[in-house]
Amino acid sequence: MQRNNGNPSMVNCVTPLQEILEHPAIITHFQPQISLRRKAVIGLEALSRGFNAVTGEIIPPALLFAQAQEQPLRLALDRACRTRAAESFAALHRRDKSIMLSMNIDAACINEETRGSSHLLKLIKRCDICPSNVIIEIIESRCEDMDALLEFVRFYRKKNFLIALDDVGTGFSNLDRIPLLKPDVLKLDRALIRGVDSQFHKLEVVRSFVQMANRLGCLVLAEGVESGDEVLCLLANGVDVFQGFYFARPAPGLDAVPGMAAKVDALAERHRQDRTRRIAEDKRLFSSYDLTILTMCQGLAQTPSRGLNQAMTQYLETHDGVECLYVLDMKGRQVSDTLCDPDKLKKSKRFLYEPARFGTDHSLKEYFLPIQAGLEKFTSDPYISLASGNLCTTIARVFHHKSSGRHLILCADMSREGAVCGL
């Protein structure tokens, strides 16, 4: 079903649905989908509204679709919306063959009786729209007949339509349907996107979808973006296509598109500047980290084995930004205690986060395997530390311990709190 992504004027008395379908009194607004790297509008999502012919006012989608509770009415309304969307897009398609039409399909209407109707295919052909310019958006959780949905997807994919899964990452979205439907586009829901620039856990979920999409050959689209900071954070983490109020509200035709050029150019320039600044900041930060770790390793190299814990305790007191220190042998076995700054431990989650103990096996940790492969030093990506419960980066560095005559590895968890959208 179409959703309310605009801000139309409300009406107190809703026109009866049957009357709307008979005329039909439905209008289509389009919301642009923008690629920042291409600096172009690449698609338009069709969003339907009802129309009160007497008052001349728009009937909001929530009120319009609330009337279609029974299956025959749902199907009739869904097809009426599709028809109006295709007819409205046809004129735009003739002017620009590159722009895609993103069209919602009510998955609840896909069943054994309707899947063979080819209604959408006939409609697109009648409107002289190329099927490869049409993205069918599906909220798969609304489908009650999975076999019919799979057959529907297979049929339209063979006809060169593209398939998008809508509302991914929220509500009842089922990840197990992704390998079944093999979508071309994953639309990340606004609930996941909202505030992603300041919430590490949300960002990690987005990153996981981006990584999965890259491996599966899907495009990731972030919908519901409402701030430049959200866009820049997502762009820095592999998302390129955006849709939301930040760029444009739904409007008839291409009315919303011309005013976006300056905003897109400004955002692209801000992205370039932010990336350049972050690279410079990270270079300075990690240079200081490297100096700190090298200084510690040089000191530990001269320290007897029984004095390692005491020496690391002193380092924690004198070096800001260091949360935890521990030493491994070259097999990944911990040969010291884990020394942590007590002020930085999340005491409310001690059952989840606890510093590793002497003898713990770290041989499968991300920061150990590169050392085992021959690197002298490795720096991990930011993650939530199991020792402190904080966002950190682990730096592992090999040093020669003169007292024991063997090579050891110093591991330092460095605080990265506040670095949500960092590199």
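Could you check segment 162-191 and list, in sequence order, the residues that are part of a helix (DSSP H, G or I) and over 29 Å from Ser132 (Cα atoms)? Scanning segment 162-191 gives a single hit, Ala191.
Residues that are among the β-branched types (Val, Ile, Thr) and open to solvent by less than 40 Å² (accessible area, probe 1.4 Å) were ranked within segment 203-217; the one that is farthest from the chain's Cα centre (by Cα) is Val210.
Can you name every residue in segment 143-159 that is in contact with a strand residue (DSSP E or B) (Cβ under 9 Å, 6 or more places away or on another chain) and of a type in the set (Lys, Arg)?
Residues of segment 143-159 that are in contact with a strand residue (DSSP E or B) (Cβ under 9 Å, 6 or more places away or on another chain), as a first pass: 149, 152-153, 156-157.
Within segment 143-159, Arg157 is the sole residue that qualifies.
Each residue in segment 276-305 was checked for being in contact (Cβ under 8 Å) with a residue 40 or more places away in the chain and open to solvent by 70 Å² or more (accessible area, probe 1.4 Å), and 4 pass. Among the residues of segment 178-187, are any more than 26 Å from the chain's Cα centre (by Cα) and either on the phi < 0 side of the Ramachandran plot or open to solvent by 40 Å² or more (accessible area, probe 1.4 Å) (or both)? Within segment 178-187 (the criterion being more than 26 Å from the chain's Cα centre (by Cα) and either on the phi < 0 side of the Ramachandran plot or open to solvent by 40 Å² or more (accessible area, probe 1.4 Å) (or both)), the answer is no, since none of the residues qualifies. No other residue among Ala213, Ala280, Ala268, Ala256 is at pLDDT below 90, in a helix (DSSP H, G or I) and of a type outside the set (Lys, Arg) apart from Ala268.
Results for (1) among the polar types (S, T, N, Q); (2) within 20 Å of Phe399 (Cβ to Cβ); (3) part of a helix (DSSP H, G or I), shown as yes or no for each residue.
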site	(1), (2), (3)
Gly307	no, yes, yes
Gln314	yes, yes, yes
Glu317	no, no, yes
Asp337	no, yes, no
Glu354	no, no, no
Arg357	no, no, no
Leu364	no, no, no
Pro370	no, yes, yes
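Can we say Ala261 is touching a His at 6+ places or on another chain (Cβ under 7 Å), farther than 25 Å from Arg278 by Cα and either small (Gly, Ala, Ser) or open to solvent by less than 10 Å² (accessible area, probe 1.4 Å) (or both)? Don't jump to the end; show me each part of the working.
Working: touching a His at 6+ places or on another chain (Cβ under 7 Å): no; farther than 25 Å from Arg278 by Cα: yes; either small (Gly, Ala, Ser) or open to solvent by less than 10 Å² (accessible area, probe 1.4 Å) (or both): yes.
For Ala261, the condition - touching a His at 6+ places or on another chain (Cβ under 7 Å), farther than 25 Å from Arg278 by Cα and either small (Gly, Ala, Ser) or open to solvent by less than 10 Å² (accessible area, probe 1.4 Å) (or both) - is not met.
Would a scan of segment 320-333 turn up a residue that is open to solvent by 40 Å² or more (accessible area, probe 1.4 Å) and modelled with pLDDT under 90? It would help to see each step written out before you state the result.
Restricting attention to segment 320-333, the residues satisfying the condition of being open to solvent by 40 Å² or more (accessible area, probe 1.4 Å) are 320, 330-331, 333.
Of the ones still in play, those that are also modelled with pLDDT under 90 are 320.
For segment 320-333, residues open to solvent by 40 Å² or more (accessible area, probe 1.4 Å) and modelled with pLDDT under 90: present.
What number of residues within segment 94-108 are of a type outside the set (A, V, I, L, M), in contact (Cβ under 8 Å) with a residue 12 or more places away in the chain and surrounded by fewer than 22 Cβ atoms within 10 Å (Cβ to Cβ)? Matching residues across segment 94-108 total 4.
Run down Leu149, Leu75, Leu44 and say which single residue is part of a helix (DSSP H, G or I) and under 26 Å from the mean Cα position of the chain (by Cα). First the steps, then the outcome.
Details: Leu75 fails: under 26 Å from the mean Cα position of the chain (by Cα); Leu44 fails: part of a helix (DSSP H, G or I).
The conditions single out Leu149.
The values are calculated or read from the model by the stated rules, or taken from the named source; none is laboratory data. Since the structure is predicted, the reported quantities are computational estimates derived from the model, not experimental observations. Every residue, glycine as well, gets a Cβ built from its backbone with ideal geometry; the counts of neighbours run over all protein chains shown. The accessibility values were calculated without ligands, DNA or RNA, using every heavy atom of the protein model including side chains. Shrake-Rupley method; radii C 1.70, N 1.55, O 1.52, S 1.80 Å.
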